[in-house]
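Below is one structure; the comments refer to it alone.
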Amino acid sequence: MKRFLLIVLVVLSLLLTACGSSSPASSASATSTDAYGNRIIKSQHDIAVYPKELPCYLTYNDEAVIVKDIRLYQMEANYEHTLFAIVEIDLSELSDKSYHWIFEDKDLSYNVYLDGGKNKFDFATMGQLGAPTSYTDTKCLKICWATSFFDKYKEDFDGTEVVLSVFAEQEEGVPYHISFRPNTDTIPGLPPESDEDYQFIGKKLQDEKRSWEGFDNRK
């Protein structure tokens, strides 16, 4: 009787394992190349585009979001290094209605990740500074990130792998996703004070400072 029960348990275990596993067709992904030479991988979870360069078009409900540019800057103070990333996303291809709802529905998300390099990152997420700036006249979105201010980075960021990830949720079907890795062999220092990017980074740092001051005042 004990042997019979053991056999039953083994058979049931095998059946449950078989039912829980995905068939090759359901888990398979299809790889192709678009007209710009960008690699595209379609899976049951998303449609991922790996552009060779920017700008790159990202489908959003039969319209287009343009991931326009990512610019990297680094600075050193007291022998400690900080990395900044500025990303521009062009939404001018969207209708006014889509432009409104892409924010209301929070259909657009974005992150910048760091991996490897002299500071030995393990796919770390950069911190977004303040809220994104939306220029409604041009339908342009501008976001700024920085490495953590709680960690100290002894080495520069040259050669660190930087990954820009942008997701666009769809009303129907899986989201579209862009994953872009800019060249980081030599990352420049901060631009001159008169430069628009320098002023943008300064403004975002001030926004971040005010948010922390507000948080401290609520304690």
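Only the coordinates and a few stated rules stand behind these numbers; no lab work does. Every value quoted in this text rests on a predicted model; they were computed, and no experiment measured them. Glycine also receives a Cβ, built like all others from the backbone with ideal geometry; neighbour counts cover every protein chain displayed.
Residue-wise HN-Hα couplings along the range 48-53, as the Karplus relation 6.51 cos²θ - 1.76 cosθ + 1.60 with θ = phi - 60° gives them from phi, are 9, 10, 10, x, 6, 8 Hz; Gly and Pro carry x. Charge tally around Phe123: other residues with Cβ under 13 Å, Lys/Arg +1 each, Asp/Glu -1 each, net -1. On the principal axes of its alpha-carbon atoms, the range 31-213 has extents of 50, 36, 27 Å, going from largest to smallest. Just in the range 65-120: which trypsin sites (Lys or Arg not before Pro) are loop by DSSP and have at most 15 other Cβ atoms within 10 Å? Of the trypsin sites (Lys or Arg not before Pro), the ones in loops of the range 65-120 whose Cβ has at most 15 other Cβ atoms within 10 Å are Lys106, Lys118, Lys120. In order along the range 97-106, the phi-based Karplus estimate (6.51 cos²θ - 1.76 cosθ + 1.60, θ = phi - 60°) of 3J(HN,Hα) comes to 5, 5, 4, 5, 7, 5, 8, 4, 8, 6 Hz; Gly and Pro are listed as x.
Other residues whose C-beta falls under 13 angstrom from the C-beta of Gly159 contribute a net charge of -3, scoring Lys and Arg +1 and Asp and Glu -1. Residue-wise HN-Hα couplings along the range 88-94, as the Karplus relation 6.51 cos²θ - 1.76 cosθ + 1.60 with θ = phi - 60° gives them from phi, are 10, 10, 8, 10, 5, 6, 7 Hz; Gly and Pro carry x.
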